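Read the structure below first, then the notes.
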Ligand code: TXA
Ligand code: MG
């Protein structure tokens, strides 16, 4: 299959391909998504195939107006509207009771559906042009870091999908926050651009699912199947080091041997020698760390190091999302200083 490369202006063309059963990678404010019409089972199956995604991992449904919410979800609690008022459009996904019209292929047999109203202008235009909600997982091969630039999508999926819409770099850089409103107390299933603190300011108590911070054992119940898969993982082993920038830099510096790569804060970049050094942002600018993490993981991988050390931020604000993705890349091999 030839993959068509489209500009951000060609949203009508993208919508037309989607409306005719095609699958198209689209930019969003979080990461690129691989979209298909939520009502086209064949196209949805092609999304799973193109990514090599396990069948038991459900997709997020993307809408471009609040009116569309009731066409995909039912029994919607008032808290969903409160969250929507504060954080939609934006990087928040809600787990709700699914409408009967949403097929089991999209939800992997779950009775719930994940819904997101993205803020990216191009994404919104494409959903409107397709004239249906779009089911879209991240547009990477299963297991590799989510794509934050069209070039990342091209590297993973060229020849496997109908088109890629180039909307530049994603501004958030990690996937959306997923909150389940399906159970009480409400539960954070995946941290992202909307922080735990922001959710608590609207919902009160929010439980952080164990899969966010710890490796689950074989038979533990997973609420968001995507959280159990090894993810974002470069080929070399990753060692995450958490603590102050100063302490983690010292710790890493004393362990540099052979082909070591270090992903670090800008403030400490000059302190590492005889190794590959990748900066992913200022220690205090967690938004920047989130924005650059996935592209720096891809870059580091390309250098084929033997081992990768990474300075990992604390859990406050968007740090929880950054630390979660780092822990997953490290298979939860994390040293706390
Ligand atoms: O920011 C994002 O959310 C991006 C962009 C493209 O919107 N999408 C994304 O999709 O990250 P994906 O497929 O890579 O991750 C979806 C996550 C998976 O962990 C999946 O298991 C979970 O959402 N999920 C989907 N439906 C669910 C449901 N009904 N119940 C629990 N978890 C669900
Ligand atoms: Mg994904």
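Going by the conditions given, is residue 27 at pLDDT below 95 and within 16 Å of ligand 2 (Cβ to nearest atom)?
Here the answer is no, as residue 27 does not meet what is asked.
Which of (1) more than 16 Å from ligand 2 (Cβ to nearest atom); (2) more than 17 Å from the chain's Cα centre (by Cα); (3) in contact (Cβ under 8 Å) with a residue 40 or more places away in the chain; (4) assigned to a loop (DSSP other than H, G, I, E, B) does residue 171 not meet, given it meets every other one?
(2)
Of these, 76, 102, which one is touching a strand residue (DSSP E or B) at 6+ places or on another chain (Cβ under 8 Å) and more than 14 Å from ligand 1 (Cβ to nearest atom)?
76
Condition check: away from ligand 1 (no atom under 14 Å from the Cβ), crowded, with 21+ Cβ neighbours inside 10 Å and either in contact (Cβ under 8 Å) with a residue 12 or more places away in the chain or under 25 Å from residue 17 (Cβ atoms) (or both). Does residue 71 satisfy that?
So residue 71 fails the test.
Give segment 117-145 a look and list any residue that's under 23 Å from residue 90 (Cα atoms) and modelled with pLDDT under 95, or say none.
145
Any idea which residue in segment 189-212 is nearest to residue 79 (Cα to Cα), counting only those that are more than 16 Å from ligand 2 (Cβ to nearest atom), in a loop (DSSP other than H, G, I, E, B) and touching a strand residue (DSSP E or B) at 6+ places or on another chain (Cβ under 6 Å)?
Looking at residues that are more than 16 Å from ligand 2 (Cβ to nearest atom), in a loop (DSSP other than H, G, I, E, B) and touching a strand residue (DSSP E or B) at 6+ places or on another chain (Cβ under 6 Å), I get 194.
Which of (1) within 13 Å of ligand 2 (Cβ to nearest atom); (2) more than 28 Å from residue 110 (Cβ to Cβ); (3) in contact with a strand residue (DSSP E or B) (Cβ under 8 Å, 6 or more places away or on another chain) is the odd one out, the single condition residue 152 does not satisfy?
Here residue 152 meets the rest and fails (3).
Tell me whether segment 160-168 contains one or more residues that are within 14 Å of ligand 1 (Cβ to nearest atom), in contact with a strand residue (DSSP E or B) (Cβ under 7 Å, 6 or more places away or on another chain) and part of a loop (DSSP other than H, G, I, E, B).
Looking through segment 160-168, at least one residue is within 14 Å of ligand 1 (Cβ to nearest atom), in contact with a strand residue (DSSP E or B) (Cβ under 7 Å, 6 or more places away or on another chain) and part of a loop (DSSP other than H, G, I, E, B).
Kindly indicate whether residue 292 is touching a strand residue (DSSP E or B) at 6+ places or on another chain (Cβ under 7 Å) and closer than 24 Å to residue 178 by Cβ.
Against the criterion (touching a strand residue (DSSP E or B) at 6+ places or on another chain (Cβ under 7 Å) and closer than 24 Å to residue 178 by Cβ), residue 292 qualifies.
Quick one: which of 124, 134 is more than 9 Å from ligand 1 (Cβ to nearest atom) and closer than 20 Å to residue 76 by Cα?
134
Which residues, counting only those in segment 88-132, are within 16 Å of ligand 2 (Cβ to nearest atom), part of a loop (DSSP other than H, G, I, E, B) and surrounded by fewer than 22 Cβ atoms within 10 Å (Cβ to Cβ)?
Hit for segment 88-132 is 108, nothing else.
The values are calculated or read from the model by the stated rules, or taken from the named source; none is laboratory data. All figures in this text were calculated on a predicted structure; none of them were measured in a lab. Note that each Cβ is placed from the backbone with ideal geometry, even for glycine, and that neighbours are counted across all protein chains shown.
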